[in-house]
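Since the structure comes first, as structure tokens, the remarks are kept for the end.
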Amino acid sequence: MNKTKFEKLAYYFTLATLFFSVIYIIIRIIYAPSWSDDPLIRTKSSYTLMLVQCILGLFAIHLPDMIEHHFKRDIPSFMTTLYIIFLYCAIYLGEVRDFYYLIPNWDTILHTFSGGMLGALGFSVVTMLNRLDVVKVDLSPLFVAMFAFCFAITLGVFWEFYEYAFDGLLGLNMQKFALEDGTLLAGRNALQDTMSDLFVDALGALVMSLVGYLSLKHDPNFLKALIFRKIDKKKVS
């Protein structure tokens, strides 16, 4: 598919970063201890999760191309570029480079951004279904906005399920129920990270839903053209 130079640069840079991170992490897994009293020392389980996330990132970075190819819809370059930048910030900077601990509110920033991005994805799903020949529906702007909001919130909840499950399986601290030095939090403090993530997910989704609603209300074709365009086969490279 046609891509802008900046999108290509972001794609190849992030792809190379994740690929070399996988090699680095595999080496670290070999030499890392299986268990440590020092919470600042990464164990094999920590590197294993990091490896899984990097491998998933290598798959996820190709999702836009797979969607374009399967549904014959061209995703605008700016949306794909933002998605790639998000993967880089969440996986490489957040997990590999420890930005979640080093940069205040890094997790909150990414969750807010992802909420808006997932809201846009919700609009994309409805727009795509409306354009399929086998599905002929005429949905109101309010319903589409509500669907996009609920869609984003649901995926945010599943992400928290993922963090909770791997915290239990691998003894990690993705939900920040303990301080970096290993001190366990209690009561509302232990829930703060999870609830904050859900709140900012909802905020980002709400903003995108409102923008989408107003766009559909005043110009029904604007959002459709913005999120998905039919691919001109002559321009496919």
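General remarks:
- Positions within region 167-213 being in contact (Cβ under 8 Å) with a residue 24 or more places away in the chain, aliphatic (A, V, I, L, M) and farther than 25 Å from Met50 by Cβ, in sequence order: Ala202, Leu203, Ala205, Leu206, Val207, Met208, Leu210
- Within region 71-102, tally of residues that are aliphatic (A, V, I, L, M) and out of contact with any helix residue (DSSP H, G or I) (no Cβ under 8 Å at 6 or more places or on another chain): 1
- Flag for Asp107 being of a type outside the set (A, V, I, L, M, F, W, C), outside any helix (DSSP H, G or I) and in contact with a Gly (Cβ under 9 Å, 6 or more places away or on another chain): no
- Within region 44-68, being without any contact (Cβ under 8 Å) to a residue 40 or more places away in the chain and more than 12 Å from the chain's Cα centre (by Cα) holds for Lys44, Tyr47, Leu51, Val52, Ile55, Phe59, His62, Pro64, Met66, Ile67.
- Looking across region 43-75, the residues that are buried (at least 18 other Cβ atoms within 10 Å of the Cβ) and in a loop (DSSP other than H, G, I, E, B) come down to Thr43, Ile61, Ile75.
- Test: Lys72 is basic (Lys, Arg), within 29 Å of Gly115 (Cβ to Cβ) and without any contact (Cβ under 8 Å) to a residue 12 or more places away in the chain: no
- Selection within region 53-97 - of a type in the set (D, E, K, R) and closer than 20 Å to Phe13 by Cβ: Asp65, Glu95, Arg97
- Among residues of region 1-42, those that are in contact with a Ser or Thr (Cβ under 9 Å, 6 or more places away or on another chain), surrounded by fewer than 17 Cβ atoms within 10 Å (Cβ to Cβ), modelled with pLDDT of 85 or more and among the small types (Gly, Ala, Ser), counted: 1
The values are calculated or read from the model by the stated rules, or taken from the named source; none is laboratory data. Remember, it's a predicted structure, so these values are computed and weren't measured experimentally. Cβ: placed from backbone, ideal geometry, glycine included. Neighbour counts: every protein chain shown.
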